Amino acid sequence: MRFQLRIDPEKEERVLVSAHRRSALVDQIEALVTGNAGEDQLAAYSEDDMRMLAFAEIELIYAEDGKTLALDQDGTPWRLRQRLYEMEEKLPDYFVRLSKSAIANQRSIVRFNAGFSGAVDAQLRCGRKESVSRRCFAEMKRRLSVK
């Protein structure tokens, strides 16, 4: 693999990757370039604490009682200052919408559980189950079949 860097303050910034096939490295480069302008964490709050929560640590972002919360890998909820739709714009592409009120880290989804009524739940690593809407599940299946 070759690497070439051209610095020209007069030109628009762009990244061009030429690869024989899509790979984990290409996915990482894409996530780095397109995801949140190099920022990979956000401020999260609990009752008496504040910390910078890395995107990789987040398993679920959801809205509950008018608040936006992020669930970390330990299952601890952290309060976020942004709304869910604002978070969706900032998050890397490995986060997927589960429903109107939830966005999950695709890498943290262990399995999907289908019920007899057709309802689908996403099982996360931390043990939480979150309902997946039909529309979002169809979009998720489409995204997963492309890769």
In the range 112-142, residues that are of a type in the set (Lys, Arg) and touching a Phe, Trp or Tyr at 6+ places or on another chain (Cβ under 7 Å) total 0
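Would you say LEU69 is closer than 21 Å to CYS126 by Cα and modelled with pLDDT under 95? Before the answer, list the steps.
Numbers: closer than 21 Å to CYS126 by Cα: yes; modelled with pLDDT under 95: no.
Against the criterion (closer than 21 Å to CYS126 by Cα and modelled with pLDDT under 95), LEU69 does not qualify.
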Has the range 80-93 got any residue that is touching a Phe, Trp or Tyr at 6+ places or on another chain (Cβ under 8 Å) and within 17 Å of ARG128 (Cα to Cα)? no
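Within the range 95-111, identify whether any single residue is in a loop (DSSP other than H, G, I, E, B), modelled with pLDDT under 90 and not aromatic (Phe, Trp, Tyr), and answer yes or no. Steps first, please.
Within the range 95-111, the first condition is being in a loop (DSSP other than H, G, I, E, B), and the residues that meet it are 100-101.
Subset that is modelled with pLDDT under 90: none.
Within the range 95-111 (the criterion being in a loop (DSSP other than H, G, I, E, B), modelled with pLDDT under 90 and not aromatic (Phe, Trp, Tyr)), the answer is no, since none of the residues qualifies.
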Meets criteria (under 30 Å from GLU13 (Cβ atoms), charged (D, E, K, R) and touching a strand residue (DSSP E or B) at 6+ places or on another chain (Cβ under 6 Å)) for GLU57: yes
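Among the residues of the range 43-55, are any farther than 17 Å from ARG125 by Cβ and buried (at least 17 other Cβ atoms within 10 Å of the Cβ)? Steps first, please.
Quick first cut of the range 43-55, residues farther than 17 Å from ARG125 by Cβ only: 43-52.
In the following step, the residues that additionally are buried (at least 17 other Cβ atoms within 10 Å of the Cβ) were identified as 44.
The answer is yes; a qualifying residue exists.
Of the residues LEU91, LEU124, only one is closer than 18 Å to THR68 by Cβ and touching a helix residue (DSSP H, G or I) at 6+ places or on another chain (Cβ under 6 Å); which? Talk me through it step by step, then tell me what you get.
On the way: LEU91 fails: touching a helix residue (DSSP H, G or I) at 6+ places or on another chain (Cβ under 6 Å).
Every option except LEU124 fails the conditions.
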Over the range 1-25, the set of residues under 29 Å from LEU144 (Cα atoms) and assigned to a loop (DSSP other than H, G, I, E, B) is MET1, ARG14, VAL15, LEU16, VAL17, SER18, ALA19, HIS20, ARG21, ARG22, SER23
Kindly establish whether LEU144 is modelled with pLDDT of 90 or more and within 22 Å of ASP27 (Cβ to Cβ). no
Single residue of TYR94, TYR62 found to be surrounded by fewer than 19 Cβ atoms within 10 Å (Cβ to Cβ), touching a residue at least 60 places away in the same chain (Cβ under 8 Å) and aromatic (Phe, Trp, Tyr): TYR94
When you scan the range 129-139, how many residues do you find that are under 25 Å from ASP74 (Cβ atoms) and either touching a Ser or Thr at 6+ places or on another chain (Cβ under 9 Å) or surrounded by 15 or more Cβ atoms within 10 Å (Cβ to Cβ) (or both)? 3
For the range 108-128, give me each residue that is surrounded by 12 or more Cβ atoms within 10 Å (Cβ to Cβ) and either in contact (Cβ under 8 Å) with a residue 40 or more places away in the chain or not aliphatic (A, V, I, L, M) (or both). SER108, PHE112, ASN113, ASP121, GLN123, LEU124, ARG125, CYS126, ARG128
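The values are calculated or read from the model by the stated rules, or taken from the named source; none is laboratory data. What you are looking at is a predicted structure, and each value in this text was computed from that prediction instead of being measured. Cβ: placed from backbone, ideal geometry, glycine included. Neighbour counts: every protein chain shown.
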